[in-house]
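Notes follow once the structure below has been shown.
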Amino acid sequence: MYEINPKNLSTKTILTNPRIFPNAAWWGAAGKHEAIKLQEDLFESYEDAQNNVNVITFPYQNRTPFKQTIYLRSENIYTGETKIVSIDLVINPAPRVELEKEYILCYNGAYGTTIVDTKLSADTYSFEWFHEGRPEADDKSSLSVVLPGLYKVIVTDQFTGCSTKQEFSTVQSEIFINNVTTNQEYILVEASGTNHPFTYMVDNVIQQNPRFDSVPLGEISVFAINNKKCISQKIVKSISINNVISPNSDGINDFFELKNTVFKNSDFKINIVNKYGISVHQSIVTDKFKWDGRDAVGRPLPTGTYWYSIYSAEKDKRYTGFILLKNY
């Protein structure tokens, strides 16, 4: 004889038939299925389970994504004993991939690179990348893209096996510098390409106007940038002072001029010497300075090479060079 626990249907032996007589018989007893009969149903709410209404029928689709609690009502038909327990339906979420629909691939005479990053850990997920339907060799969490076209990534959770597919495209954007005009007075940048408007950069100065009226002396770096932030190849120019003069009143290179804005509102001074080191001209410098190849008393100097030194104590700056004077 055994005792049945109706909660979990476990049994406990109470008495064993001693079998003293050859024809000993068992006395009557209820078996497991006679001692308990359960009616079990599922419900979406605890209240429904209590009231035994709105029983879930199958097939059943959960109403709340990823996690939903339903309730099991278990009733012993013989005793009327009822128990309600909650059951959590946990659905493994697909990997969440947040990529742009379109990435820009810059072209300035050579293709640049754009990085497409899922920002997911390779310890948890695996990655398959495709370009125009063909698999890429890279299986990391990010892809270095060098060609335009349609791309796809499949991200799989290594623990649950759930996958997410996402497509994106890369579009070519072009920017070129066609010409840079330079002189002491201004720099003019001419650019072409796609995705207007452009901005322009000379050294560290960025502006939308392609003309720069504040011109540094010396070597400069010039760039053009489109509105997709693609940058042209660097153009290097040297801004120098025109040092060949022929003061013959023909209107061409009649003066040694300092038009650069560097000399505007400053304390620069200039000293011009001949090949013997004798000073032939000294004066204060402005951005309108002109020298016509004459000495301090106005006499034309002979053809030859002269050297200048332009110095500012305030700016602690000095410019030096030579002047080729052709006085025919």
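What follows draws every value from the coordinates through simple rules; no lab data is involved. Quantities reported herein were computed from a predicted structural model and do not represent experimental measurements. Here the Cβ positions follow ideal geometry from the backbone for every residue, glycine too, while neighbour counts run over all protein chains shown.
The table that follows gives values for the structure above.
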| read-out | value |
| --- | --- |
| Under-29-angstrom lysine pairs by C-alpha in the range 73-224, whenever the two are 8 or more apart or on separate chains | 10 |
| Of Pro135, Leu89, Ala191, farthest towards positive along the dipole that unit charges on Lys, Arg, Asp, Glu beta carbons give the chain | Ala191 |
| Unpaired by the 4.7 Å Cβ criterion, cysteines found in the chain | Cys162 |
| Long-range HN-HN contacts of Glu81 with modeled amide H, under 5 Å | Asn76 |
| Total charge dipole magnitude, the range 57-104, about the Cα centre, Cβ charges on Lys, Arg, Asp, Glu only, Debye to nearest 20 | 120 |
| Along each principal axis, Cα extent of the range 151-199, largest first, Å | 68, 17, 14 |
| Straight-distance crosslink candidates among aspartates and glutamates, where the alpha carbon sits under 18 Å from Lys315 and sequence neighbours closer than 8 are dropped | Asp267, Asp287 |
| Within-14-Å neighbourhood charge of Asn195 [Cβ basis; K, R +1; D, E -1] | 0 |
| GNM top mover of Val153, Val297, Val116 - the chain, alpha-carbon springs below 10 Å | Val297 |
| All lysines inside 16 Å of Lys275 as judged from Cα atoms, apart from same-chain residues fewer than 8 positions distant | Lys326 |
| Net charge of neighbours whose Cβ lies under 14 Å from the Cβ of Tyr60, counting Lys and Arg as +1 and Asp and Glu as -1 | -2 |
| Förster radius 25 Å - calculated FRET efficiency between Asn227 and Lys315 (Cβ-Cβ, nearest 0.05) | 0.10 |
| Vicinal HN-Hα couplings computed from phi for the range 171-180 (Karplus, 6.51 cos²θ - 1.76 cosθ + 1.60; Hz; Gly/Pro x) | 10, 6, 10, 10, 8, 9, 9, 8, 7, 10 |
| Electrostatic dipole magnitude of the chain [Cβ: Lys, Arg +1; Asp, Glu -1; Cα centre; debye, to 20] | 860 |
| Which of Ser126, Ser141 has the fewest Cβ neighbours within 10 Å, and the rest in rising order | Ser126, Ser141 |
| Integer Hz, Karplus 6.51/-1.76/1.60 couplings in order for the range 310-320, x for Gly and Pro | 10, 9, 10, 5, 5, 8, 6, 10, 9, 10, 10 |
| Gyration tensor (alpha-carbon) shape descriptor, the range 27-152, a/c threshold 1.5 | prolate |
| Using θ = phi - 60° and Karplus 6.51 cos²θ - 1.76 cosθ + 1.60, couplings along the range 293-306 (whole Hz; Gly, Pro as x) | x, 10, 7, 5, 9, x, 8, x, 8, x, 4, x, 9, 10 |
| Interchain or long-range residues, amide H under 5 Å from Gly293's placed H | Phe256 |
| Gaussian network model of the chain, Cα within-10 Å springs - most flexible of Lys83, Lys152, Lys269 | Lys83 |
| Residue among Tyr306, Tyr103, Tyr276 with the largest mean-square fluctuation in a Gaussian network model of the chain, springs linking Cα atoms under 10 Å | Tyr276 |
| Sum of -39500 (n - 2.57) over DSSP H runs of 4+, divided by residues of the chain (222 nm, nearest 500) | -500 deg cm²/dmol |
| Average Cα contact separation per residue, the range 183-316, under 8 Å, 6 or more apart, as relative contact order % | 19 |
| Label zone at Cys162, where the point sits 7 Å out along the Cα-to-Cβ direction: the range 46-81 residues whose backbone N lies under 11 Å | 65-67 |
